[in-house]
Amino acid sequence: MTKAELEHIQSLCHEWLQQPGVSQDGCKTIPPSNALSRAVELKITALLTFDDVLITSVSDAETGACYTKLIASFGEAGEFFDTPFESLAPDTASLVSEPAKVRTATRRYQEAMARLRDSERSDVRESDVANQLEMDLLLPDRLSQSQRETDTAPKFLLYTNRKLLGHSLLERARSSNERRGRFHPSEDYFEYAEILAALPAAENECMEANVQEAYGLVVADARDTRNRFSELSTQVEALELYLESEEGHRIETVAVRLEDLSRHYDDEAERWLCVRLNGT
């Protein structure tokens, strides 16, 4: 592939991603032409990060090479990051290993990943510390009242195929329809714990590969990383997680997500249930 052919493909990718209603798992074939010596089959994949940044990648369906990425926050047009021609050429290794280029790209990507990783974690820890300080300062009668309120708070029960996986109080509200809270697993939960705990790690690895590629670095196992994340996502989606009240009534939701970070942080308390309730 020549540099002119790559630029032609990337320009078509930009047009494709800017069209309304483009599927996040879509495919498109670019036929041979005066600007392209052979047909190229493209595949689009998308990854939504924890802070609502959507990373949309267009890759070669045959080779797995990524041509461009569109990184956009919610409600924004976003910015394209095209893969440099040198990263797709046969002598890629010698070119991308140039010390100055690698240091610059690595520093930028590490800073981006630090923001993605730490924003969620710091929010959780700062809130926990604040809650603990507040509890320590409570008078005995206020403490007893707080404990009673926690004991009587409604529980949101998480199910899959009529199996109770556990519950959460969904004690933290991000908006009128988005809530999250610590998840307390049942015995049946551990039948699915392996894939639920593996998904966040696979998502982080996929996210890191996307960010590295966006800054011009070559990730040798990027295709395997994406396939692993896709397989785990499919398995979790197949569980069809849903919520019920303690009275057994189904709760209408737009999205249900279980973030099992216990393995990542080596902390059994690091399981979180995040839901987006029906706004009607």
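The values are calculated or read from the model by the stated rules, or taken from the named source; none is laboratory data. No experiment lies behind these values; they were computed from the predicted model shown. All Cβ positions, even for glycine, are placed from backbone atoms using ideal geometry, and neighbour counts span all protein chains on display.
With respect to being of a type in the set (Ser, Thr, Tyr), surrounded by fewer than 17 Cβ atoms within 10 Å (Cβ to Cβ) and at pLDDT below 90, Thr280 fits the description. In the stretch 210-218, the count of residues that are crowded, with 19+ Cβ neighbours inside 10 Å and within 13 Å of the chain's Cα centre (by Cα) is one or more.
Going by what's in this entry, would Glu237 be described as at pLDDT below 95, of a type in the set (D, E, K, R), under 16 Å from the mean Cα position of the chain (by Cα) and loosely packed, with under 14 Cβ neighbours inside 10 Å?
So Glu237 passes the test.
When Thr234 is tested against (1) touching a strand residue (DSSP E or B) at 6+ places or on another chain (Cβ under 9 Å); (2) closer than 26 Å to Glu62 by Cβ; (3) of a type in the set (Val, Ile, Thr), only condition (1) is not met. Of the residues that sit in the stretch 8-62 and are modelled with pLDDT of 80 or more, of a type in the set (Ser, Thr, Tyr) and not in a strand (DSSP E or B), which one is farthest from the chain's Cα centre (by Cα)? Top of the filtered list is Ser37. Taking each residue of the stretch 189-216 that is over 21 Å from Asp260 (Cα atoms) and outside the structural domain of Glu79 (by TED's automatic domain parsing) and looking for partners that are small (Gly, Ala, Ser) and not in a helix (DSSP H, G or I) with beta-carbon atoms closer than 7 Å, six or more apart or interchain, yields Asn210/Ser57. Pairs meeting the criteria (first residue in the stretch 250-271 and in the same structural domain as Ala198 (by TED's automatic domain parsing) and in contact (Cβ under 8 Å) with a residue 12 or more places away in the chain, second residue assigned to a loop (DSSP other than H, G, I, E, B) and hydroxyl-bearing (Ser, Thr, Tyr), beta carbons under 8 Å, at least 6 apart or on different chains) are Ile251/Ser245; Glu252/Thr280.
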